Amino acid sequence: MFFDFGIKDILDIVLVALMLYYLYRLMKESRSLNIFIGIMFFVLVWLLVSQVFEMRLLGGILDKLVSVGVIALIILFQEEIRKFLYSMGAHQRVRGVMNFFYKNDNKAKEDKETIIPIVMACMSMARGKVGALIVIERNEPLDDIVDTGDYIDARINQRLIENIFFKNSPLHDGAMVISKKRIKAAGCILPVSHNQDIPRSLGLRHRAAMGISQSSDAMAVIVSEETGNISVAVNGKFRLRLSAEELESILTEEGFQ
């Protein structure tokens, strides 16, 4: 039996292990880890009954449950599956390959013109301790988030960003959404993350930023009203207390779509 074990089998095991690892991470972020463990336990019992012990009656019943259960799982975890597929397509290595084939010489210059006003506005608001939350759309559309706010569709401009988040502005409490290098909407409502690992010192803006970075591939820039610190939430992780150079570097590396 062991003589038939080759490179293809090793690759098969590695791919299955990677798939299970990514599913584990996804379920952990969406607070569905217990369900994932229960499913894995059921699959293990099914394999033991049908493949190892060859119990035909019980194995046949479990086979039927599995065939129906796959459809039920797709319905139950449709949001998680959608996020998993988006994260695979938006992975940095995948994007790197796509950028290699679709390289645009003017892209760096265009990105710079988009990024600099955002950085300058954030630095100005940080000095005045004006709270702000800017969500930048990437591969995954944020139409549902845009619909919760007031539609603007304006060119990215430092003064406009600062006026929107001015303390007396009616839109300053919500999030601004930037899509296709334009300010699409302001005053938008974001999903709030319930991750217990978020430090208590971080406020509701940070939790909303983490929520959108977990439920989509968007990145969110936060200016703290209490401390004036600038942070970025991307791929479910925080980059805290950023300087202007660090913020510009992150926005440049992550890229605009």
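At 0.36 nm per residue, and after removing the present C-alpha to C-alpha distance, how many nm does the segment from residue 22 to residue 9 gain when stretched out fully?
2.7 nm
Let a ≥ b ≥ c be the square roots of the eigenvalues of the Cα gyration tensor of segment 169-246; is it rounded (a/c under 1.5), or, if not, prolate (a/b larger than b/c) or oblate?
Rounded.
Test of understanding: what is the full-extension gain from residue 41 to residue 252, defined as 0.36 nm times their sequence separation minus their Cα-Cα distance?
Details: separation 211, 0.36 × 211 = 75.96 nm, distance 4.34 nm.
Working it through step by step, the gained length comes to 71.6 nm.
So if we plug the beta-carbon distance of residue 124 and residue 181 into 1/(1 + (r/R0)^6) with R0 = 30 Å, what FRET efficiency do we get, rounded to 0.05? Show your work: numbers first, answer last.
Numbers: r = 20 Å, r/R0 = 0.68.
Efficiency computed from Cβ-Cβ geometry: 0.90.
Leaving ligands and nucleic acids out of the surface, order 194, 206 by accessible area at 1.4 Å, largest first.
194, 206
Given axes a ≥ b ≥ c from the Cα gyration tensor, I'd like to know whether segment 108-257 is rounded (a/c under 1.5), prolate (a/b larger than b/c) or oblate.
Rounded shape, in that the Cα axes give a/c under 1.5.
Can you give the FRET efficiency for residue 163 and residue 58, using 1/(1 + (r/R0)^6), R0 = 51 Å, r = Cβ-Cβ distance, to the nearest 0.05? Display every interim value, and only then the final one.
Values: r = 68 Å, r/R0 = 1.33.
My answer for the efficiency is 0.15.
What net charge do the residues around residue 202 carry, taking every other residue with its C-beta under 14 Å from that of residue 202, with Lys and Arg at +1 and Asp and Glu at -1?
Working: positive: 200, 205, 207, 237, 239, 241; negative: 197, 225, 226.
Result for the local shell: +3.
The values are calculated or read from the model by the stated rules, or taken from the named source; none is laboratory data. If you're wondering where the values come from, they're calculated on a predicted model, not measured in any experiment. Methodologically, a virtual Cβ is constructed for each residue, glycine included, from the backbone with ideal geometry; neighbour enumeration extends over all protein chains shown. These area figures cover heavy atoms from the full protein model, side chains too; ligands, DNA and RNA do not enter into them. Shrake-Rupley method; radii C 1.70, N 1.55, O 1.52, S 1.80 Å.
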